[in-house]
Amino acid sequence: MQNRVAYVYSYELERLGNIGTHPAGRSNRVHSLAKSLDLFDTSDEASDDKPDLSPEEKVVPSKATVVVPRLATDVDLRRYHSKEFVDFLLDSEQTEKRPTETDSENFSSDTGSEASEASTSHSYNSRPSKKRRVQQTPADRFGLKDVRRSDCPPFPEISDYARSVVGSTLTAAETLRKDDYDAVINWEGGRHHALRDRCSGFCYVQDVVLGMDYLRRHGQSKASLNRTDIATTSTRKPRIMYLDLDVHFGDAPAAAFKHPYRYSSPLTSSQKRQPKPQIMTVSVHHHSPGFFPSTIEADLTSPASPTPCTISIPLQRAASAPTYARIWRTCIEPLHTAFEPDYVVLLLGMDALAGDKLVDGAGNWSTQGEGGVAWCIERVLEWGCKMLILGGGGYHRANTARGWAIVTSTLLKRAIPEDVPPHDYWPEYSPSFQMHVEPTGAKDENTDASLGAIEQAIEMLASRITEIMAT
Ligand SMILES: [Zn+2]
């Protein structure tokens, strides 16, 4: 049966994405390739102009239906971000001021909070740690530093961009909840590093947490959606599995949704009466000393963790499709079975793909074959959950466009040509001009021993999650 897929898009969303998302111009490549493959129809872009149509009438066979995003309000942003941060970010006169470098002795060092974050928030762009003498401005405090010192420089239209990114993911979540779609895609979302009061790792605002928070509060359980079990419908809150396959650890969603209650093993009688976690976060990423975000949370989650629904699966360098296939079968599937989610939120940064130079060979994932991008999406489809699909990193613009076009076509259950169709950016697909991303010859450093250690920990965590969710 064909999947019903929505695609969050507008020309304005693409225009702002080109400016605010690193690397610049990526949004053009992503949407142009999807258009050239006829994966969504821009003539339907004005679907909000046809509010009287039912979701069934809006769906174009074998194409994703375009949903035009709304802009986030101040209230939306403040559900996660601090008031001071939001006020500053949305004040264009403030954010466009550049910090001033100075040799003055009036050097103002980082605040305590910044200093502590500095140890966990290294720049994507590794540079010598030569300390500059700077006069700290409010922009510094909120992570909006000069481009030479930060991944998040201020830029004109930053307030429009912030509202656009969060608004697009909220639109996706709202569409998934209220309309009859199986999956809603927002490639402009997925800014998984933005912190409560600080921009970080090319991420200015935190749309991922806000989108999941919306589903947590307003979503429905599968039984309710299918109207199959009236008794369960009235009692069970929706469960959301967040699966982050970006090459970097999904630090902000993991921190935001760490369950406030603690669990031992076996459970105590009082722990059995605690409210059940509604969100399980699972991040599969590369982790090694100094690799962003360099935090202890990116290590393998201990099987004895007091918060077993916050899970980190770190991989060694050059993880390839066979490693993803093994991890999928031995870790992702058991975690899904244990948690029984109603929604899956997939963050699909394409920086784990082979050839992403910014991460210097940290990943060697490919799009095809067992364990490839398309294979993983097919496995998620088998779960039968409603899916919110978000973008994320991806610093090889053509490969990111390839990967996301393949995900979109897989969700639509549509075959696409092997060759990249002619379109404005076609020369950038040289030399192969093929849709698929192949692995390089780099040796996958994930060994039987390293993967075995992960599997041992996840087996215990899955068993504990089963116990927690069953009580
Ligand atoms: Zn990334």
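Translational diffusion of the range 354-471 was estimated from the Stokes-Einstein equation, with Rh taken as the Kirkwood radius over Cα pairs; at 10 °C and 1.306 mPa s the coefficient is 94 µm²/s.
Just check the range 170-302 against the gyration tensor rule for me: Cα atoms, a ≥ b ≥ c as the square roots of the eigenvalues, rounded for a/c under 1.5, and otherwise prolate or oblate depending on whether a/b exceeds b/c. Since a/c reaches 1.5 but b/c is at least a/b, the shape of the range 170-302 is classed as oblate. When the square roots of the Cα gyration tensor eigenvalues are ordered a ≥ b ≥ c, the ratio a/c for the range 312-374 is 1.5 or more and a/b exceeds b/c, which makes its shape prolate.
Using R0 = 45 Å, the C-beta based FRET efficiency linking SER463 and ASP91 works out to 0.35. All Cα-Cα distances of the range 239-351, cut into 10 Å bins from zero to the largest, leave 13, 46, 32, 8, 1 percent in each bin in turn.
Rule-based calculations on the coordinates, nothing more; no lab input. What you see is a predicted model, and the numbers here were worked out from it, not measured in a lab. Because the Cβ atoms are built from the backbone with ideal geometry, glycine has one as well, and the counts that use them run over all protein chains shown.
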